[in-house]
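Following: one structure in structure tokens, then a few remarks.
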Amino acid sequence: MKPLSEYPCAATPRDAAKLSNSEQRELAKQIAEWNIDLNDGVAQLCRVYRVGNFIQAMAFANEISLIAEEGDHHPALLVEWGRIKVSWWSHSIGGLHLNDFVMAAKTDEIFKAL
């Protein structure tokens, strides 16, 4: 299996199936620093990244926005001084899909390049 970050991403169709718990656990091995959190009963991939200041946090958020638009798949971003929280989930299905894991891996790649 190729790395998740190499898979393409497109908007998750409304009729797509949510990943099972076992599928989530298997994919999570490739994005070890991410957590699967429940927010209002919806499973989301979440990670907090630490950066040096607010400008760096905003720059990182802007880089994430580029891949989000390219993949037509958009996260929740909380930008603060020295940190950014990123949450990926498929709004259309109210849970996790392969796209979310792909985008989490792509986000990790962006962070490594900062």
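No lab work stands behind these numbers, since they all come straight from the coordinates. Because the structure is a prediction, the values reported are computed rather than measured. Glycine also receives a Cβ, built like all others from the backbone with ideal geometry; neighbour counts cover every protein chain displayed.
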Query raised in the report: Are any residues in region 19-58 in contact with an Asp or Glu (Cβ under 7 Å, 6 or more places away or on another chain) and free of Cβ contacts under 8 Å to residues at least 40 places away in the same chain, and if so, which ones?
Result: ALA57
Report summary line: For region 82-114 the number of residues that are of a type outside the set (Asp, Glu), in contact with a Phe, Trp or Tyr (Cβ under 6 Å, 6 or more places away or on another chain) and within 14 Å of TYR7 (Cα to Cα) is 3
Report task. State which residue pairs qualify: first residue farther than 15 Å from ALA105 by Cα and inside region 59-72, second residue surrounded by 12 or more Cβ atoms within 10 Å (Cβ to Cβ) and of a type in the set (Gly, Ala, Ser) in any location, beta carbons under 6 Å apart, and separation of 6 or more residues or different chains. Result -> ASP72/ALA11
Query raised in the report: Counting only residues that are over 10 Å from the mean Cα position of the chain (by Cα) and in contact (Cβ under 8 Å) with a residue 40 or more places away in the chain, which one in region 97-114 is surrounded by the fewest Cβ atoms within 10 Å (Cβ to Cβ)?
Result: LEU114
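Taking the conditions exactly as written (part of a helix (DSSP H, G or I), under 13 Å from TRP89 (Cα atoms) and not β-branched (Val, Ile, Thr)), does ALA68 satisfy them or not?
Working: part of a helix (DSSP H, G or I): yes; under 13 Å from TRP89 (Cα atoms): yes; not β-branched (Val, Ile, Thr): yes.
Yes: the conditions hold for ALA68.
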Report task. Tally the residues that are in contact with a Gly (Cβ under 8 Å, 6 or more places away or on another chain) and at negative phi, restricting the search to region 72-101. Result -> 2
Query raised in the report: Which of the residues belonging to region 1-37 are assigned to a loop (DSSP other than H, G, I, E, B) and small (Gly, Ala, Ser)?
Result: ALA10, ALA11, ALA16, ALA17, SER20, ALA32
Query raised in the report: For region 49-61, what are the residues that are surrounded by 14 or more Cβ atoms within 10 Å (Cβ to Cβ) and assigned to a strand (DSSP E or B)?
Result: TYR49
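In region 71-104, what residues are part of a helix (DSSP H, G or I), farther than 15 Å from ARG47 by Cβ and in contact with a strand residue (DSSP E or B) (Cβ under 8 Å, 6 or more places away or on another chain)? I'd like the intermediate steps shown before the answer.
Here is the first cut: in region 71-104, the ones part of a helix (DSSP H, G or I) are 71, 98-104.
Right, trim to farther than 15 Å from ARG47 by Cβ and you get 71, 98-99.
Selection gives ASN99 alone.
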